[in-house]
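Novice: Attaching a single structure in structure tokens format; questions to follow.
What follows is calculated from the coordinates using simple rules that are stated; it is not laboratory data. Nothing here was measured: the structure is a model prediction, and the numbers come from that model. Ideal geometry is used to build each Cβ from the backbone, glycine not excepted, and the neighbour counts take in all protein chains shown.
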Amino acid sequence: MLRPIVEVDEESCKSCRFCIDVSRCMSPSQCIGCLSCYWSCPYNARKIKFLELEEKNVSIWVEDRVYLVPYPSTLKEALENIGIAFGKPGSRNLSSPCNLGGCWACSVIVDGKLERTCITPVREGMKIKLDVENIDPLRIVHGPQPHKVGGKGTPWWEVGTGYVEAAIWVAGCNLRCPQCQNYYVTYDNATDPVTPKEAARMTTWCFRRYDTKGIAISGGEPTLNRRWLTEFFKEARRLSPGKRLHLDSNGTTITKEYVDELFEAGCNNIGIEPKASRVDTYMKITGITDRELAKNYLENSWNIIRYILENYGGKIYLGVGFAYSREWMTIDEVEEIGERVASIDRDLQVIALDYFPSFRRRSIRRPSVEEMLNVKKKLEDRGLRTVIVQTSVGHFGPSQSSRTY
């Protein structure tokens, strides 16, 4: 059978140990084509080859029924081959949104233990149970840490007043941004996962220890594991009633019903990063090569911003963010973003981020302070009243043009 196999390009490999310490192979003796190492290599030193492999079958037990499935393959592929459907990213059902091993949304019970189907190889005799409702969900978490700046949805007036948030970052993302600013978190499949209650307790301890004004979760993409995220907010609200509970998201997988569920769980502060106004730009930023998928992701992000504002104005504090670099965005598009936000609400908080060289885009130049102040002016010229720009010397907020707040 023809299978995708990942091989190392020795000339590109920098021996950085990322594939050993952060994004580990679950099947080192036989590549199963999960592609997690291909996507996660910081130096793009993994290459995909399609090889004709000897066709083999192994027996696995699913809900006490035996099936013959191809080997080598991931458990996800095996389950799909026998008719088990995976839902859309962000659904409450079994789904596989990151395919990196970080979000754990694809988990089933394997030989009595919760395990990820996207990176786990099938093996002879493994026993699988699909009902995980009575099992605590898991996810890889980094932090908590006190944060002085916060994220896209952090109320701008709180920044500069000490630690504003106790934050955690979760692994796994459905995007493949080549300039990912948090790739050590995004592509981590090696750290031991935690339950949402454990994560909420850790974050609440940090919140109390540093007397922060809120609790925040970012990533990676937090919304990929819906059950984990909503249970996290429920527990955080129980432990810290009345406090600001902040979600930072790329907005791609959030539906209207998901927003409703998050609000009911206690989330009252959301930052959405639609990233761009144009599909071509969005594809450059996110690494998504399927144009139709990129278009759907982009429009969903903008639509969910409007939904939150129209249905939860005054109940959820909302912020919008995008990353500026002339490597992927023109000033004309900055103005388009400003016009698009202004058509929703001129008072909506907008933060423009100045991404620095990172991950697979180490050659990009971080925008200068002058460039970011020009971005700020262009957005304000479109009628926006609450614009913040991140720069190498600090943040510039509303009504500021030459000093940090």
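Novice: In whole Å, what is the distance between the alpha-carbon centres of the range 320-369 and the range 1-26?
Specialist: Centre-to-centre (Cα) distance: 32 Å.
Novice: For the range 1-122, what's the radius of gyration and Dmax over Cα atoms, in angstrom?
Specialist: 15.1, 48
Novice: Scale the Cα Rg of the range 44-86 by the rule-of-thumb value 2.2 N^0.38 Å and send over the ratio, two decimals. Let's see the in-between values first.
Specialist: On the way: Rg = 13.1 Å, N = 43, 2.2 N^0.38 = 9.2 Å.
Relative to the rule-of-thumb radius for its length, the range 44-86 sits at 1.43.
Novice: For the range 199-273, count all C-alpha to C-alpha pairs, find those more than 18 Å apart, and express that count as a whole percent of the total.
Specialist: Summing the P(r) of the range 199-273 above 18 Å gives 31 percent of all pairs.
Novice: Once phi is turned into θ = phi - 60°, what whole-Hz ³J(HN,Hα) does the Karplus curve with 6.51, -1.76 and 1.60 give for every residue of the range 34-47, x standing for Gly and Pro?
Specialist: For the range 34-47, the Karplus curve yields 6, 6, 4, 6, 5, 6, 8, 5, x, 10, 6, 8, 10, 10 Hz.
Novice: Which of Lys152/Lys378; Lys129/Lys234; Lys14/Lys275 have a Cα-Cα distance over 23 Å?
Specialist: Details: Lys152/Lys378 19 Å; Lys129/Lys234 27 Å; Lys14/Lys275 30 Å.
Lys129/Lys234; Lys14/Lys275, as the Cα separations exceed 23 Å there.
Novice: Counting helices only, and only those DSSP H runs with n ≥ 4, report the 222 nm mean residue ellipticity of the chain as the sum of -39,500 (n - 2.57) divided by its residues, in deg cm²/dmol to the nearest 500.
Specialist: Values: 11 runs with 116 residues, N = 405.
It lands at -8500 deg cm²/dmol.
Novice: Given H placed 1.01 Å from N in the peptide plane, which residues other than close sequence neighbours of Gln349 have an amide H under 5 Å from its amide H?
Specialist: Residues meeting the criterion, in which the H sits 1.01 Å from N, are Val320.
Novice: Right, something else. Would you mind giving the three semi-axes, in whole Å and largest first, of the ellipsoid equivalent to the range 292-382 according to its Cα gyration tensor?
Specialist: 25, 17, 12
Novice: Using a Debye calculation, one point per C-alpha and no hydration shell, please list log10 I(q)/I(0) for the chain at q = 0.06, 0.07, 0.08, 0.09 Å⁻¹ in order.
Specialist: -0.25, -0.33, -0.44, -0.55
Novice: Still on this structure: Run the numbers on the chain and let me know its relative contact order in percent, using alpha-carbon pairs under 8 Å that are six or more apart. It would help to have the intermediate numbers written out before the result.
Specialist: Values: 909 pairs, mean separation 49.5, N = 405.
The value is 12 percent.
Novice: How big is the gap, in Å, between the Cα center of the range 40-77 and the Cα center of the range 125-181?
Specialist: With the range 40-77 and the range 125-181 each reduced to a Cα centre, they are spaced 29 Å.
Novice: Calculate the spin-label point distance for Glu63 paired with Gln30, positioning each point 7 Å from the Cα along the beta-carbon direction, and give it in nanometres.
Specialist: Result: 2.7 nm between the two label points.
Novice: Compute the FRET efficiency between Thr289 and Ser399 as 1/(1 + (r/R0)^6), taking r as their Cβ-Cβ distance and R0 = 35 Å, and round to the nearest 0.05.
Specialist: Values: r = 41 Å, r/R0 = 1.18.
That gives a FRET efficiency of 0.25.
Novice: When 1/r is averaged over all different Cα pairs and the result inverted, which Kirkwood radius in Å belongs to the range 2-52?
Specialist: Radius from the Kirkwood sum: 11.2 Å.
Novice: Only bridges whose two residues both fall in the range 141-396 count here: according to DSSP, what percent of them are antiparallel, nearest 5?
Specialist: Numbers: 9 of 35 bridges.
For the range 141-396, the DSSP antiparallel bridge percentage is about 25.
Novice: Turning to a different aspect of this structure: How do Ile272, Ile82, Ile316 rank when sorted from fewest to most other Cβ atoms within 10 Å of their own Cβ? Walk me through the numbers before you get to the answer.
Specialist: Numbers: Ile272 25, Ile82 12, Ile316 19.
So the residues, fewest neighbours to most, are Ile82, Ile316, Ile272.
Novice: On the first, second and third principal axes, largest extent first, how far apart are the outermost C-alpha atoms of the range 119-260 in Å?
Specialist: Between the extreme Cα coordinates on each principal axis of the range 119-260 lie 58, 36, 31 Å.
Novice: I need Val164, Val58, Val22 ordered by Cβ neighbour count within 10 Å, fewest first. Write out the running numbers ahead of the final one.
Specialist: On the way: Val164 25, Val58 18, Val22 21.
Sorted ascending by nearby Cβ count, the order is Val58, Val22, Val164.
Novice: Okay, moving on. Can you give me the distance in nm between label points at Asp332 and Thr161, each placed 7 Å from the Cα along the Cα-to-Cβ direction?
Specialist: In this crude label model, Asp332 to Thr161 measures out at 4.2 nm.
Novice: Taking amide H atoms as placed 1.01 Å from N in the peptide plane, list the residues 5 or more away in sequence, or in a different chain, whose amide H sits under 5 Å from that of Arg244.
Specialist: Residues meeting the amide H criterion: Ile215.
Novice: Over the Cα atoms of the range 58-129, how large are the radius of gyration and the largest Cα-Cα distance (Dmax), in Å?
Specialist: In Å, with Rg to one decimal and Dmax whole: 11.3, 31.
Novice: List the DSSP H helices in the chain whose Cα atoms stretch 30 Å or more along the helix axis and whose mean Kyte-Doolittle hydropathy is at least 1.0. Provide the component values of the computation, followed by the final result.
Specialist: Numbers: long enough: 291-312 (31 Å, -0.74).
In the chain, no H run is both long and hydrophobic enough.
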